[in-house]
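What follows is a short report on a single structure.
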Amino acid sequence: MTTSQVKGTAQKYEENALKDAIAILDFGSQYSQLIARRVRELSVYSELLPHSISVQDLKRLNPKGIILSGGPNSCYEEHAPRLDKEIWKLGLPVLGVCYGMQLMAHDLGGKVEPAPVREYGRALLTIQHHGELFDGLDPTMESWMSHGDSVVQLPDGFSTVACTADTPVAAIADHERKYFGVQFHPEVVHTVGGRELLSNFVLKICQCPKNWTMSRFVEEACAAVAKRVGDKRVLLALSGGVDSSTLAFLLHKAIGDKLTCMFIDQGFMRKNEPEWLVETFEKEFHIKVNAVNAGARFISKLAGVTDPEAKRKAIGAEFIRVFEEESKRLGPFDFLAQGTLYPDVVESAGTTVDPKTGKPVAVKIKSHHNVGGLPDDLKFELVEPFAKLFKDEVRLVGKELGVPESIVERHPFPGPGLAIRVLGEVTEERLKTLREADWIIREEVKAHGLYRQIWQVFAVLLPTKSVGVMGDQRTYQNQIVMRAVTSEDGMTADWARLPYDLLAIISSRIVNEVPGINRVVYDITSKPPATIEWE
Ligand code: XMP
């Protein structure tokens with residue numbers, strides 16, 4: 001299944017890699033990855049490819065159909081991202097979404113212009129001719145729009161098949177050539193019937209077999225890893241999170257004791273977690289874990305450090321030092337296993353384009369520290385079996401491999417751990433305060449049955465103090481921020497509308513049970529403009 005390669009190396013396309021699958025050509029929409037996920041939810045494999053892919057490479061991959069994503073550009077602009085026009089001669093079914101539909105119209109002889117009314121948000125779609133694409137859908141449906149341009153003239157062979165009040169040409173079709181375009185976003189949940197529409201395209205029009213299943217993935221990934229590793233040794237840095245734990249299970253199944261798991265305890269884990277991790281893996285899963293207690297080393301590096309980026313860098317640098325020492329002690333190893341996921345790979349492949357120049361863009365908001373930041377001279381070969389999976393697919397793989405729910409359904413936890421949730425200087429005492437508050441928050445959210453509906457819920461300790469009253473005493477103490485967000489992928493997030501009664505219980509427990517805290521506040525900012533973590 002490997003077509004593109006990881007960071008920094010040129011894209012390579014393996015023959016027939018998309019034989020039963022859909023190629024999504026990415027024009028830079030924020031929803032491009034979502035299209036890929038929606039297709040995979042239909043049990044059909046799909047990959048995001050740069051829109052600039054050549055017709056030869058696409059032919060090599062041999063997909064059964066093509067989806068053109070949306071994007072921020074106007075297709076008549078000078079720098080607008082375009083397709084290799086030979087792709088139109090492949091004879092494959094094509095679905096253009098938003099910009100993809102406009103480009104289809106533009107390339108094939110139609111006309112696109114700025115719309116008199118910019119349509120953004122929900123719009124009622126009226127289907128004038130169902131055809132294969134809208135087969136089985138209601139005559140009117142709610143759709144999600146986000147466009148400033150519209151198709152005003154159709155290419156030969158096309159007809160308009162749906163409209164909204166503001167957009168007379170909201171969907172187009174050339175049934176003969178199996179070309180379809182939709183101005184709205186079927187991949188977004190607000191489009192009622194979007195899933196059925198994509199299913200019509202992928203399963204009926206492109207006739208893709210439903211063979212992308214996690215059991216097949218596990219089988220193939222195990223065979224591939226076993227073949228590649230042979231009798232050499234693999235090192236895995238385990239963190240206890242979903243990705244590294246699932247990876248440990250997969251590798252253990254594939255190569256048994258040729259796998260060595262190392263767990264570096266930086267001292268920034270949540271309450272009881274280091275002990276829990278080692279015990280559970282060894283006693284329940286029979287996977288040996290080499291635990292390294294490096295808490296004292298890490299905290300000494302953070303003395304006096306308050307700037308978030310300086311903190312992240314100091315932790316990252318120390319992690320590399322400990323990792324190098326320990327891997328030498330436990331080694332030698334030929335391979336390093338990493339839980340790199342598909343979004344990391346596609347982002348680093350530069351498929352997001354600048355609307356003005358058409359060039360790839362990458363904006364750094366925070367220095368994420370993962371094992372991926374290790375120096376090149378460590379001379380490991382990388383094993384990254386999840387490089388084609390989305391997070392929710394890793395969870396399914398975990399379930400397939402028997403990873404317990406308590407790990408599979410875990411919330412993401414940042415590499416630098418609680419150190420970036422203790423705002424200001426990190427000390428043992430402040431970490432302890434945060435751990436206790438965090439424990440209460442998660443315990444109550446779980447007890448109310450809401451943990452699984454939330455992307456992340458956690459506590460942040462502020463360095464500021466405020467006045468309170470307890471009994472008859474004036475207090476002057478720190479505050480805990482409670483942060484709970486819902487999200488699909490961590491790229492955007494909304495603050496969770498938790499019940500007031502739950503917030504009240506948490507607040508009163510924290511103030512009563514955690515020494516040094518006299519006030520609890522709830523963060524009601526979404527991402528953007530805030531980030532999920534506070535540092
Ligand atoms: P932000 O704060 O950027 O976080 O909105 C988005 C998601 O990423 C997690 N996060 C990290 N994960 N290493 C990680 O592996 C890191 O350094 C890191 N920093 C943030 C964060 O918890 C959220 O899920």
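The values are calculated or read from the model by the stated rules, or taken from the named source; none is laboratory data. From a predicted model like this one, the values you see are computed outputs, not experimental measurements. Positions of Cβ are generated from backbone atoms using ideal geometry, with glycine treated the same way; all protein chains shown enter the neighbour counts.
Here are the numbers for the structure shown:
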read-out	value
Filtered residues of the stretch 183-193 (kept if of a type outside the set (A, V, I, L, M, F, W, C) and closer than 13 Å to Gly70 by Cβ)	Gln183, His185, Pro186, Glu187, Thr191
Strands (runs of 3 or more DSSP E) contained entirely in the stretch 120-174, each with at least 2 residues that are under 16 Å from Tyr99 (Cβ atoms) and under 32 Å from the mean Cα position of the chain (by Cα)	140-153, 171-174
Test: residue in the stretch 388-405 that is within 16 Å of the ligand (Cβ to nearest atom), crowded, with 21+ Cβ neighbours inside 10 Å and acidic (Asp, Glu)	no
Scan of the stretch 245-270 for residues that are part of a helix (DSSP H, G or I) and either within 21 Å of Glu324 (Cβ to Cβ) or not β-branched (Val, Ile, Thr) (or both), ordered by number	Ser245, Leu247, Ala248, Phe249, Leu250, Leu251, His252, Lys253, Ala254, Gly256, Asp257, Lys258
Failed condition for Glu425, given (1) surrounded by fewer than 21 Cβ atoms within 10 Å (Cβ to Cβ); (2) in contact with a Lys or Arg (Cβ under 7 Å, 6 or more places away or on another chain)	(2)
Among residues of the stretch 195-215, those that are buried (at least 23 other Cβ atoms within 10 Å of the Cβ) and in a helix (DSSP H, G or I), counted	5
Strands (runs of 3 or more DSSP E) completely within the stretch 425-535 that count 2 or more residues being touching a helix residue (DSSP H, G or I) at 6+ places or on another chain (Cβ under 8 Å) and within 16 Å of the ligand (Cβ to nearest atom)	456-470, 473-486
The one condition in (1) surrounded by 17 or more Cβ atoms within 10 Å (Cβ to Cβ); (2) within 16 Å of the ligand (Cβ to nearest atom) that Pro385 fails to fulfil	(2)
Candidate set: the stretch 492-523, residues that are of a type in the set (A, V, I, L, M, F, W, C) and over 17 Å from Ala447 (Cα atoms); chosen: the one surrounded by the fewest Cβ atoms within 10 Å (Cβ to Cβ)	Val521
Close pairs from the stretch 99-118: first of a type in the set (Phe, Trp, Tyr) and modelled with pLDDT of 95 or more, partner surrounded by fewer than 20 Cβ atoms within 10 Å (Cβ to Cβ) and not in a helix (DSSP H, G or I), Cβ under 8 Å, at least 6 apart	Tyr99/Pro72
